[in-house]
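Right, one structure below, let's go through it.
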Amino acid sequence: ARAFERDSLFSLIAGPLVWTVHFLSLYIFTAIACAKGFFHDEILGVRVVQLFGGAVTVIAVVLILDAMILSYRRWRGMPWDGEPGPLPPHDANDVASRRRFMAYAGLLLSGLALIATIWETLPIVFFATCE
């Protein structure tokens, strides 16, 4: 079993963690590119910053979607018992309800991280200057 499939808080923070790494790598690379003056340099006809930003964004989106799919499966009770589980609220005082709540929270946090990841990439796509 993958590490994400075990009961842990890591599945709750997987999406926001990927978002954080994406944010830091994107903006640190862009700051260095602007400071060193190679913002407009090109590789195979594509600007370096846009190429790096696109590659990092694709990787981040794939990882966040994987976290979302896993959280959805854990929330709905699949594939272990085959039957979808109950919908929220998961407020009973038992282990199953707590696990479903954590999975639902992980799904929502990963959805927020997906939107934020795409949103923070837009300036690199539309603005081609360091000024």
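The numbers here are math on the coordinates, done by the rules we state, and not lab data. It should be emphasised that the depicted structure is a prediction, and the values quoted were computed from it without experimental measurement. Quick reminder, even Gly has a Cβ in these numbers, built from the backbone with ideal geometry, and neighbours come from all protein chains shown.
Assorted remarks:
- Annotation: amide H-H contacts under 5 Å for Gly77 (H modelled 1.01 Å from N, sequence separation of 5 or more, or interchain): Gly85.
- Highest-first arrangement of 118-126, 54-62, 106-114, 18-26, where packing means the average Cβ count within 10 Å: 106-114, 18-26, 54-62, 118-126
- Put a dot 7 Å past the Cα of Thr20, heading toward its Cβ, do the same for Phe127, and the two dots end up 2.5 nm apart.
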